[in-house]
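Worksheet: one structure, shown below.
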Amino acid sequence: MKLYAAKVCEIEQVEQTQLLDLLDCDRKKNIAIFQGKKQREQSMVAGLLLRYAFLQAGYNVNQWQQVEIERTTHGKPHIKGYEAFEYSLSHSGEWVLCAVDSQPVGADIQETKPWKIQVAKRFYDQEEYDRLLRIQEDSAKTELFYNMWTAKESAAKRSGRGLGGGISRYRTKEDYQELYDTEIQKQFHIRLYKELTDYIVCVCSETADFPKRIEVVYSSALWYDNKGG
């Protein structure tokens, strides 16, 4: 498994036109629909990061130029004909995240912004909710809230169901190394990463073969690698 992250940066209009040619057709169609500049930039960086991960996995530019994005019955995207290349994309604030593996993987990144206790009461089970209430210090409580949220959302993304499939079905353990899907009665491995300041990342997989760190791909390297092929 590999885990990559890149910062969203402003992309000039001329660069956008050039970089669009490097993205898969599915993403280009989505970007054309977006109205907001920030949303377009997030999606563009996500597409370029996916391309970067694909090339890093040993595939070539010609293969990338012919990729087709398909979706499972639950809506999880994957590249047609590349069963050994599974991926999960997520973005929050100024960061985009991409996890790749040879089997289904889910990844989520969240900026640790203010939150409301009502959200936890709605989506967390009683034990998790009580776990939150036992914490008095605000920053520690916020960290715990996002530990749970990213874990649940990474599991939802691994399945392909997303938030619409319900995240209350997932129950975290206090050590945040495993998570239990109460609906299918199955346990999954998770790992939290906190090396990006003010952000929490979680990855979910059936195995515990997680990378030790997130590989940060700086925009200069990302642009160069993409432009240079």
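Give me the percent of the accessible area of the stretch 1-156 that comes from carbon and sulfur atoms, probe 1.4 Å, all protein chains in place.
On the way: 3740 of 7760 Å².
After summing per-atom areas, the C and S share lands at 48 percent.
On average, how much accessible surface per residue is there in the chain, in Å², for a 1.4 Å probe, leaving out ligands, DNA and RNA? The partial results should precede the final answer.
On the way: 11770 Å² over 229 residues.
The answer is 51 Å² per residue.
I need the calculated FRET efficiency for the pair Ala221 and Glu12, taking r as the beta carbon distance and R₀ as 30 Å, to the nearest 0.05. Write out the running numbers ahead of the final one.
Values: r = 18 Å, r/R0 = 0.61.
According to the calculation, E is roughly 0.95.
List the lysines whose Cα lies under 25 Å from the Cα of Lys2, skipping any in the same chain that are fewer than 8 positions away.
Lys2 reaches Lys28, Lys76, Lys80, Lys152, Lys157, Lys173, Lys186, Lys194, Lys212, Lys227.
Taking the simple approach of a point 7 Å from Cα along Cα-to-Cβ for both Lys2 and Lys173, what is their distance in nm?
Inter-label distance under the simple model: 3.0 nm.
Note down the relative contact order for the stretch 56-137 as a percent, whole number, built from C-alpha pairs under 8 angstrom at least six residues apart.
Details: 79 pairs, mean separation 12.8, N = 82.
Rounded, it is 16 percent for the stretch 56-137.
Using the Cα gyration tensor of the stretch 138-224, with a ≥ b ≥ c the square roots of its eigenvalues, what is the shape: rounded (a/c below 1.5), prolate (a/b larger than b/c) or oblate (neither)? Walk me through the numbers on the way to the answer.
Numbers: a/c = 1.89, a/b = 1.47, b/c = 1.29.
Here the stretch 138-224 falls in the prolate category.
Once both labels are modelled 7 Å past Cα along the beta-carbon direction, what's the Glu127-Lys80 spacing in nm?
4.4
Nothing charged except the Cβ atoms of Lys and Arg (+1) and of Asp and Glu (-1): what's the magnitude of the dipole of the stretch 60-134 about its Cα centre? Round to the nearest 20 debye.
Working: 9 positive and 12 negative charges, 74 e Å.
The calculated dipole for the stretch 60-134 is roughly 360 debye.
How many angstrom lie between the C-alpha centres of the stretch 173-226 and the stretch 63-98?
16
Taking only DSSP H segments of four or more residues, each worth -39500 (n - 2.57), what value at 222 nm results for the chain once the sum is divided by all its residues, to the nearest 500 deg cm²/dmol?
Rounded to the nearest 500, the figure is -12000 deg cm²/dmol.
Please state the charge dipole magnitude for the chain, taken about the Cα centre, from unit charges on C-beta atoms (+1 on K and R, -1 on D and E), reported in debye and rounded to the nearest 20. Let's see the in-between values first.
Details: 32 positive and 34 negative charges, 91 e Å.
With only Lys, Arg, Asp and Glu charged at Cβ, the dipole is about 440 debye.
What do you get for the angle between helix 219-228 and the principal long axis of the chain? Use alpha-carbon atoms, 0 to 90 degrees, nearest ten.
40
Considering the options Tyr59, Gln39, Leu49, tell which one lies farthest towards the positive end of the dipole of the chain, charges being +1 on Lys and Arg and -1 on Asp and Glu at the Cβ, about the Cα centre.
Toward the positive end, the furthest listed residue is Gln39.
For the chain, what is the relative contact order in percent, using Cα pairs closer than 8 Å and at least 6 residues apart in sequence? Mind showing how you got there, number by number?
Working: 393 pairs, mean separation 52.5, N = 229.
That works out to 23 percent.
As I understand it, the value is the acute angle between the Cα axis of helix 138-159 and the longest principal axis of the Cα atoms of the chain; what does it come to in degrees, rounded to 10?
It is inclined by approximately 60 degrees.
If you split all Cα-Cα distances of the stretch 23-85 into 5 Å bins from zero, what percentages do you get per bin, shortest first?
The percentages, shortest bin first, are 4, 16, 26, 25, 18, 9, 2.
Convert 10 °C to kelvin, take the viscosity as 1.306 mPa s, use the Kirkwood radius over C-alpha pairs of the stretch 1-43 as Rh, and evaluate the Stokes-Einstein diffusion coefficient in µm²/s, rounded to a whole number.
Value of D from the Cα-based Kirkwood radius: 139 µm²/s.
The values are calculated or read from the model by the stated rules, or taken from the named source; none is laboratory data. Keep in mind that what you see is a predicted model, and the values were worked out from it rather than measured. All Cβ positions, even for glycine, are placed from backbone atoms using ideal geometry, and neighbour counts span all protein chains on display. Remember, those area values only see protein heavy atoms, side chains included, never the ligands or the DNA or RNA. Shrake-Rupley method; radii C 1.70, N 1.55, O 1.52, S 1.80 Å.
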